[in-house]
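Below: one structure, written as structure tokens.
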Amino acid sequence: MAAAFPNRAAIETEQLAKLRALLGALRPANPFQTRRLVEAGVTTDVASLSEFVRRSPFTTKAELVADQAEHPPYGTNLTFPLARYTRCHATSGTSGAPLRWLDTPESWDALLDNWLAVYRAAGVTAADRFFFAFSFGPFLGFWTAFEAAARLGSLCLPGGGLSSRARLRMILENRVTVLCCTPTYAIRLGEVAAEEKISLAQSPVRAIIVAGEPGGSVLGVRARIEQLWPGARVFDHHGMTEVGPVTYECPACPGVLHVIESAYFSEVIDFVSGLPAAPGVSGELVLTTLTRLASPLLRYRTGDFVKPSAKGSPCACGSHELALEGGILGRVDDMIIVRGVNIYPGAVEEIICAGGGVEEYRVHVRYQQALVELDVEIEPASGVDGPALAARLVERFQHAFALRVPVAIAPAGTLPRFEMKARRWVKE
């Protein structure tokens, strides 16, 4: 089985060839990239990946936002005349100003190829039936996921504009086998099913492919989803509008994501120094898009906080592609410092979900003069002793962070539920 996967040398040889072809296409066609490459002295026949890293500057979202503001509405990071482009999507704007992103049919096909890698890892085939529990807004992931499943030959059901109850009926009536949604919404659908006395024990859903939040690789969140959807396995994945679908979950190691390195040259860096992070040391994921020629990014600082595996390759599944333990651990800009302790939302979610019993939660970040304080609200599940659960969580926070984090109990049904990315952290 392992012999079917290219080894590291083969992966890097292919990446260098694709990188050279990309650089050759960008100069002088792409104004944004040409200016940066000329200033950095990066040639189209770059000798190695390490030379590219040494010479080429990082690209940041702030630079892309500034370029689109100066050259509205799409900026100058376009390799072809505008008439060649057929797709326009936008980032959510949750971590700064939103970006518009264009694709040609060729670049779009490359993104669908990446989604097919996600589906292959999840064991999906043409015989499966998909339900997409999305509103189908301007974000890239909805459309690429849907079209890739259609290309696979699967029956695809869009779930935009429907209530949770209507979506559950469609899933069951159409004998859906694969559900695509956010981790939070997979839980919400399971809760609605329980409220409506709909048994999911006989549901044909066997795979739930999630993205949009780190929760898909958080053990407690996965366990909660799989408890609500008996017989289904959660498969995590992540991507971004400006780069496309990036990772697939390891079939052999739940909670580990592999970067699709046929499409991306990836690095993990120390987010302060910008230097490469050592194997097994957490850092920021940096990506160069090798196949999205129409609107490429070179050494893009994604802001995603990850931990590359220290185990080396191949992985237990046979892949030699970069493995990220715990998936996306959080966003670099989401980290807060509470009394000298670095805290990421994913770590808080893991503690809350690990022991079970929490129906929903909300975290308050309070800024009091020069101090930052954290407290948590929880909705205990039906039949759970709320005060005892809150006390256990306080103890777990103390053990994990050496901090006292107050935990309050909210009345049932009072905390917000989410279809899209959850907004559980409130800064005050």
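The values are calculated or read from the model by the stated rules, or taken from the named source; none is laboratory data. Keep in mind that what you see is a predicted model, and the values were worked out from it rather than measured. Cβ: placed from backbone, ideal geometry, glycine included. Neighbour counts: every protein chain shown.
Yes or no: the range 12-19 includes at least one residue that is at pLDDT 95 or above and farther than 23 Å from Thr302 by Cβ.
First, pick out the residues of the range 12-19 that are at pLDDT 95 or above: 12-19.
So of that shortlist, the ones also farther than 23 Å from Thr302 by Cβ come out as 13, 17.
Within the range 12-19 (the criterion being at pLDDT 95 or above and farther than 23 Å from Thr302 by Cβ), the answer is yes, since at least one residue qualifies.
When you look at Phe142, is it in contact with a helix residue (DSSP H, G or I) (Cβ under 9 Å, 6 or more places away or on another chain) and outside the structural domain of Arg292 (by TED's automatic domain parsing), yes or no?
Values: in contact with a helix residue (DSSP H, G or I) (Cβ under 9 Å, 6 or more places away or on another chain): no; outside the structural domain of Arg292 (by TED's automatic domain parsing): yes.
For Phe142, the condition - in contact with a helix residue (DSSP H, G or I) (Cβ under 9 Å, 6 or more places away or on another chain) and outside the structural domain of Arg292 (by TED's automatic domain parsing) - is not met.
So, in the range 257-282, how many residues would count as being within 18 Å of the chain's Cα centre (by Cα) and at pLDDT below 95?
The total comes to 1.
What is the residue count in the range 273-321 for residues that are in contact with an Asp or Glu (Cβ under 6 Å, 6 or more places away or on another chain) and buried (at least 23 other Cβ atoms within 10 Å of the Cβ)?
Counting residues in the range 273-321 that are in contact with an Asp or Glu (Cβ under 6 Å, 6 or more places away or on another chain) and buried (at least 23 other Cβ atoms within 10 Å of the Cβ) gives 5.
If we only count strands (runs of 3 or more DSSP E) wholly inside the range 51-169, which ones have 2 or more residues that are more than 28 Å from Leu228 (Cα to Cα)?
Details: elements: 87-90, 100-103, 129-132, 155-158.
In the range 51-169, the matching strands (runs of 3 or more DSSP E) lie at 87-90, 100-103.
Any idea which residue in the range 18-39 is nearest to the chain's Cα centre (by Cα), counting only those that are part of a loop (DSSP other than H, G, I, E, B) and either of a type in the set (D, E, K, R) or surrounded by 13 or more Cβ atoms within 10 Å (Cβ to Cβ) (or both)?
Initially, the range 18-39 is screened for residues part of a loop (DSSP other than H, G, I, E, B), giving 27-30.
Narrowing further to those that are either of a type in the set (D, E, K, R) or surrounded by 13 or more Cβ atoms within 10 Å (Cβ to Cβ) (or both): 27, 29-30.
Values: Arg27: 31, Ala29: 31, Asn30: 28 Å.
Once the filter is applied, the top-ranked residue is Asn30.
Could you grab me the full set of residues in the range 106-138 that are at pLDDT below 95 and surrounded by fewer than 22 Cβ atoms within 10 Å (Cβ to Cβ)?
First, the residues of the range 106-138 that are at pLDDT below 95: 133-138.
Answer for the range 106-138, where residues must be at pLDDT below 95 and surrounded by fewer than 22 Cβ atoms within 10 Å (Cβ to Cβ): Ser135, Phe136, Gly137, Pro138.
I'm trying to understand the selection: among the residues of the range 40-50, which are without any contact (Cβ under 8 Å) to a residue 60 or more places away in the chain and not in a loop (DSSP other than H, G, I, E, B)? Outline the logic, then answer.
Within the range 40-50, the subset without any contact (Cβ under 8 Å) to a residue 60 or more places away in the chain is 40-48, 50.
Scanning the range 40-50 gives Ala40, Ser50.
What number of residues within the range 327-345 are assigned to a loop (DSSP other than H, G, I, E, B), surrounded by fewer than 18 Cβ atoms within 10 Å (Cβ to Cβ) and in contact (Cβ under 8 Å) with a residue 60 or more places away in the chain? Explain how you work it out, then say what you get.
Filtering the range 327-345 down to residues assigned to a loop (DSSP other than H, G, I, E, B) leaves 327-329, 335, 339-340, 344.
Now narrow it down to the ones that are surrounded by fewer than 18 Cβ atoms within 10 Å (Cβ to Cβ): 335, 339-340.
If we keep only those that are in contact (Cβ under 8 Å) with a residue 60 or more places away in the chain too, we end up with 339.
So the answer is 1.
Inspect the range 165-177 for any residue being surrounded by 24 or more Cβ atoms within 10 Å (Cβ to Cβ), farther than 19 Å from Glu359 by Cβ and among the acidic types (Asp, Glu) and give the result as yes or no.
For the range 165-177, residues surrounded by 24 or more Cβ atoms within 10 Å (Cβ to Cβ), farther than 19 Å from Glu359 by Cβ and among the acidic types (Asp, Glu): absent.
From the list Ala193, Ala232, Ala223, exactly one residue is within 19 Å of Phe130 (Cβ to Cβ), touching a helix residue (DSSP H, G or I) at 6+ places or on another chain (Cβ under 9 Å) and in contact (Cβ under 8 Å) with a residue 40 or more places away in the chain. Which is it?
Values: Ala193 fails: in contact (Cβ under 8 Å) with a residue 40 or more places away in the chain; Ala223 fails: within 19 Å of Phe130 (Cβ to Cβ).
Every option except Ala232 fails the conditions.
Quick one: Ala294 ticks every box in (1) closer than 20 Å to Ala121 by Cβ; (2) part of a loop (DSSP other than H, G, I, E, B); (3) of a type outside the set (Ser, Thr, Tyr) except a single one, so which number is it?
Against the list (1) closer than 20 Å to Ala121 by Cβ; (2) part of a loop (DSSP other than H, G, I, E, B); (3) of a type outside the set (Ser, Thr, Tyr), Ala294 comes up short only on (1).
Report yes if Leu82 is crowded, with 16+ Cβ neighbours inside 10 Å and at pLDDT 95 or above, otherwise no. Lay out the reasoning, then the answer.
Values: crowded, with 16+ Cβ neighbours inside 10 Å: no; at pLDDT 95 or above: yes.
No.
Are any residues in the range 402-424 within 23 Å of Gly216 (Cβ to Cβ) and out of contact with any Gly (no Cβ under 6 Å at 6 or more places or on another chain), and if so, which ones? Full working, then the answer.
In the first step, residues of the range 402-424 are kept if they are within 23 Å of Gly216 (Cβ to Cβ); the result is 415-424.
Correct list: Leu415, Pro416, Arg417, Phe418, Glu419, Met420, Ala422, Arg423, Arg424.
When the residues of the range 357-380 are filtered to those that are of a type outside the set (Phe, Trp, Tyr), over 15 Å from Val407 (Cβ atoms) and touching a residue at least 24 places away in the same chain (Cβ under 8 Å), which remaining residue is surrounded by the most Cβ atoms within 10 Å (Cβ to Cβ)? First the steps, then the outcome.
Here is the first cut: in the range 357-380, the residues of a type outside the set (Phe, Trp, Tyr) are 357-360, 362-366, 368-380.
With over 15 Å from Val407 (Cβ atoms) added as a condition, the list becomes 368-372.
Within this subset, residues satisfying the condition of being touching a residue at least 24 places away in the same chain (Cβ under 8 Å) are 371-372.
On the way: Leu371: 9, Val372: 16.
Only one residue tops the list, namely Val372.
Let me confirm something: among Ser199, Ser203, Ser217, which residue is outside the structural domain of Thr60 (by TED's automatic domain parsing), under 16 Å from the mean Cα position of the chain (by Cα) and not β-branched (Val, Ile, Thr)?
Ser217
Restricting to the range 399-424, give me the number of residues that are under 22 Å from the mean Cα position of the chain (by Cα) and surrounded by 15 or more Cβ atoms within 10 Å (Cβ to Cβ).
Qualifying residue count, the range 399-424: 7.
Are there any pairs with C-beta distances below 9 angstrom linking a residue in the range 8-34 that is farther than 15 Å from Ile260 by Cα to a residue that is assigned to a helix (DSSP H, G or I) and hydroxyl-bearing (Ser, Thr, Tyr), with the two at least 6 apart or on different chains, and if so which?
Leu26/Thr34; Arg27/Thr34; Pro28/Thr34
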